[in-house]
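What follows is one structure encoded as structure tokens, with my remarks underneath.
The values are calculated or read from the model by the stated rules, or taken from the named source; none is laboratory data. Just so you know, these numbers come straight off a predicted model, no measurement behind them. Reconstructed Cβ throughout: ideal geometry from the backbone, glycine too, with neighbour counts over all protein chains shown.
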Amino acid sequence: MTTIHCIATMQGGGAEKQFCYLLRGLKLRGIGCHAVIINGGVNLPLLIDSNIPIHYIKAKSFYDPNILFQLVKLFRKIKPDLVEVWQRPMDIFGGLAAIIAGIPFVAIERTDPMRFKDGIKYFLRKCITRKAKGLIANSNQGKTFWKNILSENIKIERLPNIIDFENISSVKPVYEESFIVYVGRIHEDKNVIQLINAFSHVVVNYSNLNLYIIGEGELINQCKLRVQELKINNSVKFLGYVNPPYEYIKSAGIFISLSSYEGMPNTVIEAAALQVPMLLSDIPQHLDLFGEDAAFYVNKNDEAGIAAQIQFILNPENSQLLELKKSVAYSALINNREEKVVNGYLNVYNEIIKN
């Protein structure tokens, strides 16, 4: 089997990392897979390490029409059995190129599509995805959304993210200071400002406690300004992008994610695999991952509630409850092992090619 996998960028997001894990797993199972990218990024070395052929598309932007012509030419040259498209630019150009070249394609849904229902890009993506032979979502919300749009003869599957258990299992705590950690993009939907505000109330009672913010994004300067306004500069550390962040997560007293929405968040399932207490926003995607007993949940906009939960988790009297929740969260990850997820993708591919 020969497959082509298209993604717009190899920047520091969860989709890019999952793209690399999947292709690595496919190659180990003898699949002749090719990667197609427009831009590189911090996850490109991970893809290169897999020794998979990488084809670079030249473009002035993610929506340069020349992308389409290059993809059609490449598809006709390689003649794959199947094309797979990740991220919005490739959903549009990659899907359209596959249609023109007469090759079946699979669309990948990595987020909550209900959050992006406006504009020409959404309209184009929906029209093109209707021509797909299959769609793989990593959340129930993504699967349900497309099930209501696509025809019944299109294979729709929910498959979870891959966890790199091989590397995670050997991680040990290496930082002795007391801290809580956020890992992810610093965007509005991640509610990092709310976390900083809540932390400012906690640090009054825990003078030695630090907040580590790992990641980059458009609100980084706004977050730093808020830290200065609250006069907690000595307690909040911005570490930038760290790959992998496992040692920080493993050493943390609490891992926190206050996202407004998610697909299947890599850092959250990695925190569960590293067996760290988790404080999560009470969104459906987090609850679907683990249920109510694996983590502490809070309204993402309730700064007083966030602060109270942090202090509850830090209280040594609650250590037995923390151990129980960590165990439940880890047990929920049985379906995230590479072999099981990759085989799930292969089952979808084989069914599409067979038909």
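Quick one: residue 96 ticks every box in (1) at pLDDT below 95; (2) within 24 Å of residue 23 (Cα to Cα) except a single one, so which number is it?
So residue 96 meets the others, but not (1).
Could you run through the range 301-334 and say how many residues are of a type in the set (A, V, I, L, M, F, W, C) and free of Cβ contacts under 8 Å to residues at least 60 places away in the same chain?
Adding up the residues that qualify gives 8.
Collect the residues in the range 68-87 that are among the basic types (Lys, Arg) and surrounded by 23 or more Cβ atoms within 10 Å (Cβ to Cβ), keeping them in residue-number order.
Correct list: empty.
Of all the residues that make up the range 293-325, how many are among the small types (Gly, Ala, Ser) and touching a strand residue (DSSP E or B) at 6+ places or on another chain (Cβ under 9 Å)?
Adding up the residues that qualify gives 4.
Exactly one of these conditions fails for residue 177: (1) surrounded by fewer than 20 Cβ atoms within 10 Å (Cβ to Cβ); (2) in a loop (DSSP other than H, G, I, E, B); (3) touching a residue at least 40 places away in the same chain (Cβ under 8 Å). Give me its number.
Every condition holds for residue 177 apart from (3).
Go through the residues of the range 135-142 one by one and say whether even a single one is within 20 Å of residue 266 (Cβ to Cβ), assigned by TED's automatic domain parsing to the domain that holds residue 34, in contact with a Leu (Cβ under 8 Å, 6 or more places away or on another chain) and not aliphatic (A, V, I, L, M).
yes
So which residues in the range 88-123 are within 26 Å of residue 289 (Cβ to Cβ), among the hydrophobic types (A, V, I, L, M, F, W, C) and surrounded by fewer than 23 Cβ atoms within 10 Å (Cβ to Cβ), if there are any at all?
Within the range 88-123, 114, 116 qualify.
Report every pair of residues separated by at least 6 positions or lying on different chains whose Cβ atoms are under 7 Å apart, first residue within the range 114-127 and assigned by TED's automatic domain parsing to the domain that holds residue 154, second modelled with pLDDT under 80.
122/116
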